[in-house]
Each structure stands twice: as structure tokens, then as C-alpha cells.
2 protein chains.
Amino acid sequence: MLQNPENCAVVRTVGYIGGKWKPIILIRLLNGGKVRFGKLAVQMPDISRKILSQQLKELEEDGLILRYSYMEKPPRVEYELSESGKTLIPVLKAMYDWGIQMEDPATRGTWDPVVK
Amino acid sequence: MLQNPENCAVVRTVGYIGGKWKPIILIRLLNGGKVRFGKLAVQMPDISRKILSQQLKELEEDGLILRYSYMEKPPRVEYELSESGKTLIPVLKAMYDWGIQMEDPATRGTWDPVVK
DNA sequence: CTCATTAGTTACTTATAGGTTACCAGTTAA
DNA sequence: TTAACTGGTAACCTATAAGTAACTAATGAG
């Protein structure tokens with residue numbers, strides 16, 4: 001852990017939740033409950049649907065989120081934070097707080113992940 | 001923050017400390033005191049000196065570490081965690097703990113960043 | 001018949017991160 | 001005089017992340 005990225009727990013954590021979009025997706029799912037793919041896409045207009053789909057798949061493969069696919073036409077798919085994913089909350093909170101502290105106060109947001 | 005990577009405090013934090021080597025470098029510097037470039041390089045044999053130098057420069061530009069360059073020949077340069085960098089400790093700890101929890105127990109290390 | 005709907009996929013392109021190799025400067029020691 | 005020492009930099013190459021555009025399938029509405 002102290003010399004190899006493969007053995008460093010911090011590097012591993014970055015591997016799970018790092019990247020340009022995963023934190024945002026996870027924060028969207030933090031308040032619990034299932035969210036449809038389309039709703040996520042609308043809430044994050046700047047991520048292409050291909051990338052969103054890809055990131056969700058990785059998060060699911062990593063066991064951080066659950067995917068519910070209903071065999072309907074047109075399709076309906078919902079995503080939800082898994083129990084494992086919920087253990088990320090304090091980590092994301094710590095990272096959020098630190099990021100806020102480093103931020104230009106003018107553009108500061110709030111932690112509350114609930115989106116009305 | 002909730003929809004744009006540029007405004008997301010968590011994404012910003014990943015930008016500061018993410019990547020393959022920065023967490024390892026920061027952990028090396030956690031126990032306080034100045035560390036020479038060469039010593040860091042020896043402690044992390046798998047990072048090339050060019051990349052190490054580059055990562056240190058970024059950390060310094062971001063204000064997370066301090067660089068002391070003594071005008072000697074051969075050169076001597078020391079690095080140290082800045083006050084701002086020290087505020088990262090709880091964040092790194094949270095990420096470390098989570099990473100450990102997700103880890104294969106067989107290869108598990110310890111948090112104690114002190115290297116003898 | 002035709003269009004909208006939803007959650008994708010495929011093929012392709014671009015941007016960024018990371019890595020390798022060779023080289024430099026000024027002093028000391030052999 | 002020659003090599004070792006140190007902390008880099010420059011040119012170049014590769015691997016991975018991210019993005020774009022076009023397309024798909026089954027049903028219902030008009």
C-alpha cells in the first residue's frame with residue numbers, strides 16, 4: 001500500500017469513485033430510492049447517455065449500485081445505491097467538505113443531495 | 001455541484017488527490033518533516049523520476065506541499081506537507097478505511113504512514 | 001403507416017494521464 | 001581527467017478515459 005498503487009487503499013478508493021461523473025451519479029442516488037435512467041440523464045444534461053450508461057454499468061459491476069430492469073417496452077430501468085454503496089456516504093461527505101473548503105466561495109453549492 | 005463536474009466538490013477533491021501516485025506521495029509525507037526527492041524516489045521504485053517530479057510539482061502548485069530548494073551542488077530539494085495539505089488527513093483516512101474494507105484481506109496493509 | 005417512446009449499443013475520434021529514454025549542470029573524489 | 005552525485009527537463013510514445021453520431025427493438029398513439 002505504501003509504495004504500489006495496486007496495494008494502496010486510497011488509490012483503490014479513487015478507482016471505485018474517481019473519474020469525472022461517478023461522484024455526481026452517486027450523490028444523485030444518495031437520498032435513497034430507485035431512480036430511472038432517463039431521470040438521471042435529465043438531471044445531468046452534460047453527460048452523454050453513452051457515458052452515463054457506461055459509468056452506471058461499472059458502478060453496478062463494482063457492487064455499489066443495484067440495477068432493476070423491468071422487461072417492458074419501452075424499457076424501464078431503475079438504479080439504487082446498494083448497501084455497499086451506502087458505506088461510501090461518509091467518504092463522499094469528507095471529500096465534499098474538503099472540496100468546499102478549497103472552493104471559490106462564489107460558486108459554492110450545498111451538500112444536501114436531495115433534488116426536488 | 002450536483003450536475004456539473006466543474007462545480008462538484010467531490011470531483012474537485014478527486015482532481016487534487018486523485019491519480020495513480022498522488023495518494024502514495026501524500027501518505028509518505030503525512031508523518032511530518034521534510035523529505036528529499038531522492039528518498040521519495042527510492043521509497044517508490046515503481047514511479048519514474050519524471051512522473052514523481054511532475055506529480056510533486058502539481059501538488060506544490062495546488063498548495064498541498066511545500067518545496068525547499070537549497071542552492072547546492074549536487075542539488076538538494078526537500079518536500080513537506082503544507083498546512084493546507086494537512087487538512088487532507090481525515091479525507092485520506094476515510095478513503096483509506098473504505099478502501100481497506102473493499103480489499104482482499106490477504107494483501108491488507110496498515111494505515112500507519114510512518115515508514116521506518 | 002408512421003412517429004414517439006426508452007435504455008441502451010457500435011464504431012469511431014479526441015483528450016488526458018502516464019511512461020521511457022536520453023540528457024544536463026557544478027562540485028567533489030579518485 | 002574522469003566518474004559519481006542529484007534533481008530535474010525535453011522529446012517522444014502508449015494506454016486509458018471521455019465524447020460524438022448513428023442506430024436498435026417492441027409497443028402504443030394518431
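Using a basic spin-label model with each label point 7 Å from the Cα along Cα→Cβ, how many nm lie between residue B:34 and residue A:83?
Output for this residue pair reads 5.2 nm.
Which order do peptides B:7-14, A:51-58 fall in by mean Cβ count within 10 Å, highest first? Write out the running numbers ahead of the final one.
Values: B:7-14: 22.8, A:51-58: 15.9.
Highest to lowest by the protection proxy: B:7-14, A:51-58.
Straight distance only, please: which lysines reach the Cα of residue A:20 with their own Cα at less than 23 Å, same-chain residues fewer than 8 apart left out?
Leaving aside lysines fewer than 8 places away in the same chain, those within reach of residue A:20 are A:34, A:39, A:50, A:57, A:86, A:93, B:20, B:22, B:57, B:93.
Suppose you put the label 7 Å out from Cα in the Cβ direction; list, shortest first and in nm with one decimal, how far residue B:43 is from each other copy's label.
Copy-to-copy label distances at residue B:43, shortest first: 4.1 nm.
How big is the charge dipole of chain B about its Cα centre, in debye rounded to the nearest 20, if each Lys and Arg gets +1 on its Cβ and each Asp and Glu gets -1 on its Cβ? Before the final figure, lay out each step's value.
Working: 17 positive and 14 negative charges, 100 e Å.
That gives chain B a dipole magnitude of about 480 debye.
Roughly what angle does helix A:49-61 make with the longest principal axis of chain A, taking Cα atoms, 0 to 90 degrees, to the nearest 10?
Around 70 degrees separate the two axes.
Ignoring ligands, DNA and RNA, what percent of the 1.4 Å accessible area of chain A is carbon and sulfur? Working shown, then result.
Values: 3080 of 5850 Å².
Its accessible area is 53 percent carbon and sulfur atoms.
Residues of the stretch B:9-43 losing 30 Å² or more of accessible area relative to the isolated chain, 1.4 Å probe, heavy atoms only?
B:9, B:10, B:11, B:12, B:13, B:14, B:16, B:20, B:23, B:24, B:27, B:28
Hey, for residue A:83 with labels 7 Å out along Cα-Cβ, what do the inter-copy distances come to in nm, ordered shortest first?
4.5
Which of A:59, A:31, A:77 sits farthest toward the positive end of the charge dipole of the stretch A:20-99, with +1 on the Cβ of Lys and Arg and -1 on the Cβ of Asp and Glu?
Highest projection toward the positive end goes to A:77.
Sorted from shortest, what are the nm distances separating the label point of residue B:31 from equivalent points in the other copies, each placed 7 Å from Cα along Cα to C-beta?
4.6
State, as an integer percentage, the relative contact order of chain B based on alpha-carbon contacts under 8 Å between residues 6 or more apart.
Numbers: 95 pairs, mean separation 29.5, N = 116.
Contact order relative to length: 25 percent.
The values are calculated or read from the model by the stated rules, or taken from the named source; none is laboratory data. Keep in mind that what you see is a predicted model, and the values were worked out from it rather than measured. Ideal geometry is used to build each Cβ from the backbone, glycine not excepted, and the neighbour counts take in all protein chains shown. Ligands, DNA and RNA are excluded from the accessible area calculation, which covers all protein heavy atoms including side chains. Shrake-Rupley method; radii C 1.70, N 1.55, O 1.52, S 1.80 Å.
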